Each structure stands twice: as structure tokens, then as C-alpha cells.
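**Q** Sharing a structure below in C-alpha cells format, with a few things to ask.
Nothing in this text is a laboratory measurement; each read-out follows from the coordinates by a stated rule. Since we're looking at a predicted model, the values are computed, not measured. When we count neighbours, we look across all protein chains shown, and the Cβ atoms used for this are built from the backbone with ideal geometry, even at glycine.
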């Protein structure tokens, strides 16, 4: 059965909006674990717009399941990953002006930089996942440069405005997942997934874990965080 890793970035977004100490993403992480999540995800961005260095350090001490650190492949972030030693590092593209991550890494353009980052992080014994678009070339390059895992970008599928667009986007995800599995990579999936779109993944057994944040936090505003997580856990159990 696929697992659920919950991204708590937007708990920190709300905190940073007021510049105070509440709500606390560390407390949120404890709640999502108690509600049945299999892991906690945080993205430490270069501009520190939500998650802060202190959050990551405390989470490393308190998370009982699995701590996944999303980050850019920069010297600063690699140094932090080596210090923190999360259970998994996910390398993602990052642009200062974007509202959220807009797509996967372009390994054609960044192969050397990403390969060096993977090698450096591996020396600390931490596995590395690459956030990539559902593209066979990107999957094959991820394997070539020794990634342990790929997280397939599901945003195009989730944002599709008609049935044809959704079908085509999902086909690319499924094909990429099957190729990654054939190549011996672990497969995660994420970006834009919600309580309705997750149902489309029924039967796609190659995916090991779904990384979901915004939709769960949005649901939590209405029903509470623990219930929002439990509802998603139940949906994933049905896949």
C-alpha cells in the first residue's frame, strides 16, 4: 500500500504572515504523525518564506516516522542537509518569484550540478530523490546520476481543465512510474494532489508514496488537521 507524507510548509506560511510563533509546523508535524501519516515533508527555501532553519533542526529531533527535506541543489542547502541528516532529501528546482514549485528539475540542463549534489549527500548516508516531470528522458537521467528515488510531478494532471488533458497527463505519469520501477528507482508522486484527484491513482501500484500538503492544510482549516490527514490516509488505502 502506498504511503502518505504530509507537507507542513503552509502551517509555517500562516505563521510567517504575522511574524509570530503560531501556528507551529513542529506541532503540526506531530499531529499529522499521530493521525496516521507515514512521513513529514518540509521545503527549506533559499528565501526562507515559510520553513525556517530552526524548524528543520527541531523536526529532526521530534519526527518519529520519516523526515523528508525538500531543497535546491545549492552549496548552502547541501551543507544543511549534511548537518540535519533527514531520512530523505528531495532536490527540487527553485525560483524566487514563484508562488510554489512550478515543475520538475531539468536534468538535461543541470545534470552535472545535480549529480554532484547527489554524490555529496550520499557521502552522509542520506538517500536522494529528484522531483521530475513525467518524462522518460528525465527518469533515465535520474537513474544515470545515481538518484535513489524520483518524485513525479503531478501538477499538470491536477490542473488539467478537461477530460482529455487529464487523461493525457495521467498517461505520462503512469508510463514514467512504470519506467522508473523497471529501472529500480523508488517512486513518489506529488504536487497539487487533493481528495478527488488522488482517487485516479487507484491501481498504479508502482507509486510508493504520495507527498501532499496544500489540500490537506486547506481541509484542516475547515475540519481540523488530524481529521484532514485521516481522511486522506483512508483514500490512499483504497488505491
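**Q** Is it true that some residue in segment 66-75 is out of contact with any strand residue (DSSP E or B) (no Cβ under 8 Å at 6 or more places or on another chain), within 29 Å of residue 137 (Cα to Cα) and in contact (Cβ under 8 Å) with a residue 12 or more places away in the chain?
**A** The answer is yes, given that some residue of segment 66-75 is out of contact with any strand residue (DSSP E or B) (no Cβ under 8 Å at 6 or more places or on another chain), within 29 Å of residue 137 (Cα to Cα) and in contact (Cβ under 8 Å) with a residue 12 or more places away in the chain.
**Q** Return yes or no: is residue 6 buried (at least 19 other Cβ atoms within 10 Å of the Cβ), under 12 Å from the mean Cα position of the chain (by Cα), free of Cβ contacts under 8 Å to residues at least 40 places away in the same chain and not in a loop (DSSP other than H, G, I, E, B)?
**A** Working: buried (at least 19 other Cβ atoms within 10 Å of the Cβ): yes; under 12 Å from the mean Cα position of the chain (by Cα): yes; free of Cβ contacts under 8 Å to residues at least 40 places away in the same chain: no; not in a loop (DSSP other than H, G, I, E, B): yes.
In short, no.
**Q** Shifting gears a bit: Output the number of the condition that residue 167 fails; it satisfies all remaining conditions of (1) out of contact with any helix residue (DSSP H, G or I) (no Cβ under 8 Å at 6 or more places or on another chain); (2) within 21 Å of residue 7 (Cβ to Cβ); (3) assigned to a helix (DSSP H, G or I).
**A** (2)
**Q** A further question follows. Inside segment 229-239, can you point out the residues that are surrounded by 13 or more Cβ atoms within 10 Å (Cβ to Cβ) and touching a residue at least 60 places away in the same chain (Cβ under 8 Å)?
**A** We begin by selecting, within segment 229-239, every residue surrounded by 13 or more Cβ atoms within 10 Å (Cβ to Cβ); these are 229-233, 235-236, 239.
Of everything in segment 229-239, those that are surrounded by 13 or more Cβ atoms within 10 Å (Cβ to Cβ) and touching a residue at least 60 places away in the same chain (Cβ under 8 Å) turn out to be 229, 230, 232, 233, 236, 239.
**Q** Which residues, taken from segment 147-157, are farther than 14 Å from residue 183 by Cα and in a loop (DSSP other than H, G, I, E, B)?
**A** 154, the sole residue that qualifies.
**Q** Tell me the residue from 203, 194 that is in a loop (DSSP other than H, G, I, E, B) and touching a strand residue (DSSP E or B) at 6+ places or on another chain (Cβ under 9 Å), please.
**A** Working: 203 fails: touching a strand residue (DSSP E or B) at 6+ places or on another chain (Cβ under 9 Å).
Answer to the check: 194.
**Q** Identify, from the list 56, 132, 42, the residue that is touching a helix residue (DSSP H, G or I) at 6+ places or on another chain (Cβ under 7 Å) and more than 17 Å from residue 13 (Cα to Cα). If you could, list the steps in order and put the result at the bottom.
**A** On the way: 56 fails: more than 17 Å from residue 13 (Cα to Cα); 42 fails: more than 17 Å from residue 13 (Cα to Cα).
None of the others qualify; the one that does is 132.
**Q** How many of the residues in segment 134-146 are part of a loop (DSSP other than H, G, I, E, B) and surrounded by fewer than 24 Cβ atoms within 10 Å (Cβ to Cβ)?
**A** First pass over segment 134-146, keeping only residues part of a loop (DSSP other than H, G, I, E, B): 134-135, 145-146.
Subset that is surrounded by fewer than 24 Cβ atoms within 10 Å (Cβ to Cβ): 135, 145-146.
Residues that pass the stated criteria total 3.
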